[in-house]
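Colleague: Below is one structure. I have some questions about it.
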Amino acid sequence: MNEDHLRAAVAAERGEQADLLAALRPEQWDAPTLCEGWSVREVVAHTTMPFRTPLWRTLAELVKARGDINRMADRCARRDAAELPPGRLLTSLRDNAAHPWTPPGGGVHGALSHDVIHGLDITVGLGLDRRVPVERVAMVLAGMRPKNIAFFGADLSGVALRATDLDWSHGEGTPVRGLAQDLLLVLCGRRLPPGRLEGRDAARFSGEPGAWPGAWPGDARRPLTERLHRAVKTRDPVRSSDRTGSRTACRPSRERARPAVCPLRQGAGEEAGTIPLCADRAGIERAVYLRWGMAASVPPLHPVFDRTDSKPSPVREPLWRHALGECLRGLRHERGEKLSETARRAGVSPQYLSEMERGVKEPSSEMIAAVAGALDVTLIDLTLAVAESLRSAQSGTSKGATCSAAYALAA
C-alpha cells in the first residue's frame, strides 16, 4: 500500500467522522467512550490536537509531563475539551481532513491507525452502527506489528482472533470471531459491549463498563480529589488514567502490588493514610508520588509547595541538562525505541545517550543536534521546548504558592 492510498484513507476517515459528529446531540458529546476516562469531547480534542498545536508547544507540554506521553495527552485533551465548544472541535477536524500530521515514528499508517481506532472508540462507545470500510480496517491491521500490539498490553494468550468480514487472523488457541474493526479494538485493549464477539472466550474481551477490570462504576466524572481520597483510604488501585492520564491510544493500566502503608503526612484530625478532600491539586500529585513511589527521586520540572507550611518552600530549580534529558527520553519512548536504536542513528553510544537522558551529561550542541535529528525533531524546536519548561518553572518560583497548581497539573 503506497503513501498516496494511505493519505486518501486518512482524509476519508476524518471527513466521515466529521459528518457523524455533526449529527450528535449535545448530551452525546459528554457521553463516555471506549477510551477509558474520556468522553466524546475529550477524544475529539485529542485527535485534533496536532492540528491546533505547534511542535514546540507539544514538546513543552511533554517536558511538563516529565516525558510521559500518556500523561501529556490526557492533560491536553481535558484542558482543550473544557475550553473549546463542540463546534470548534468539529471545525478543526473537518478543516484538517488532509492535514499531513503523522505520529513520531508512525508515518502515515500511524495517522490512519490513530484516527480509525479513536473513531471506533466513539461510535462503539455510543452504540452507533457505523462500519469502517473493511479495506481501511485491513490497512490498519496490516501495519500492526508485535511491538504495536504489546504497547496496549492486551492479554491475548490462548486465543485465536478470526475476522468474519476479512481474511485476517491473529494468534493461536480458542477461536474468537467478530468483525475486523471489533478485533482491532481487542488488539488495542478495549472492552467491547456484549454480543459483538463470538466464541468460548469472547467474554474475556466483552462486558458492561461497570464490570470491566479496573473500572470504577459511576466514578468517571467525579472530582480528582474525591477519587484519590477514596483510593488511598480503601487502598484500591488508582486507574492509570487518574494518576498519569488516559493513554494516547488508551493503553490499559497494569496492576502491581501497592505498599501496605501510605507514607502521607498525617495532620490533626486526619485518618492515617488518607488525603484530605480539601487538598490542592499540587498536593494531590505529590501525595500520589509518595503513595506509589512514582519518580520520588526525580526533581520535578515545576514548583510544588506544601500549603500546610507557614511559608512556601519551592523545590530546587531544575538544570538545563535535566529538562533536556526528560524531553529526549519522552520523545524516544513515544517512538517506542530502545536506547541502542536511537543511539545508533545519532552516532553516539547507548551509555552516552543514557547519561544525557538522566541529566548527568552536559552534551555539546553537536551532540544535541545529532540526537534531535535521530528523534525527528529540529534543534530549535527541542531548544524552545526545554526553554519553555525552565521559564515556566522560574515563573512559578517567583509568584509563590498561588500559581503552583498551574504547573503542578497543567490540565
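The values are calculated or read from the model by the stated rules, or taken from the named source; none is laboratory data. Computed from a predicted structure; not experimentally measured. Cβ placement follows ideal geometry from the backbone for every residue including glycine, while neighbour counts extend to all protein chains displayed.
Colleague: Considering each of Leu89, Leu93, Leu24, Leu55 in turn, give the residue that is more than 21 Å from Arg190 (Cα to Cα) and modelled with pLDDT under 95.
Modeller: Answer to the check: Leu55.
Colleague: Within the range 129-146, is there a residue that is touching a Phe, Trp or Tyr at 6+ places or on another chain (Cβ under 8 Å) and at pLDDT 95 or above? Walk me through it before giving the result.
Modeller: In the first step, residues of the range 129-146 are kept if they are touching a Phe, Trp or Tyr at 6+ places or on another chain (Cβ under 8 Å); the result is 138, 141.
Retained after the next criterion (residues that are at pLDDT 95 or above): 138, 141.
Checked the range 129-146: at least one residue is touching a Phe, Trp or Tyr at 6+ places or on another chain (Cβ under 8 Å) and at pLDDT 95 or above.
Colleague: Hey, another quick one. Quick test for you: out of Val116, Val124, Val137, pick the one residue that is closer than 21 Å to Ala203 by Cβ, among the β-branched types (Val, Ile, Thr), surrounded by 15 or more Cβ atoms within 10 Å (Cβ to Cβ) and not assigned by TED's automatic domain parsing to the domain that holds Ala202.
Modeller: Going through Val116, Val124, Val137 in turn, the sole match is Val124.
Colleague: Something else now. Please go through the range 140-163 and pick out each residue that is exposed (fewer than 13 other Cβ atoms within 10 Å of the Cβ) and closer than 13 Å to Gln181 by Cα.
Modeller: Answer for the range 140-163, where residues must be exposed (fewer than 13 other Cβ atoms within 10 Å of the Cβ) and closer than 13 Å to Gln181 by Cα: just Ala142.
Colleague: I would also like to ask the following. For His99, only one of the following conditions fails: (1) farther than 30 Å from Asp167 by Cβ; (2) crowded, with 20+ Cβ neighbours inside 10 Å. What is its number?
Modeller: Here His99 meets the rest and fails (2).
Colleague: Name the single residue that is nearest to Leu93 (Cα to Cα) among those in the range 1-35 being surrounded by 20 or more Cβ atoms within 10 Å (Cβ to Cβ) and either among the charged types (D, E, K, R) or out of contact with any helix residue (DSSP H, G or I) (no Cβ under 8 Å at 6 or more places or on another chain) (or both).
Modeller: Only one residue fits best here, namely Arg14.
Colleague: While we're looking at this one, here's another question. Does the range 18-37 hold any residues that are farther than 18 Å from Arg130 by Cβ and either charged (D, E, K, R) or not in a helix (DSSP H, G or I) (or both), and which are they?
Modeller: Answer for the range 18-37, where residues must be farther than 18 Å from Arg130 by Cβ and either charged (D, E, K, R) or not in a helix (DSSP H, G or I) (or both): Glu27, Asp30, Glu36, Gly37.
Colleague: Which pairs do you get when a residue that is at positive phi, found in the range 60-76, comes within reach of a residue that is at pLDDT below 90, reach meaning Cβ atoms under 6 angstrom, with the pair 6+ apart or on two chains?
Modeller: Final answer for the pair search is Arg66/Glu326; Gly67/Glu326; Gly67/Arg329; Gly67/Gly330.
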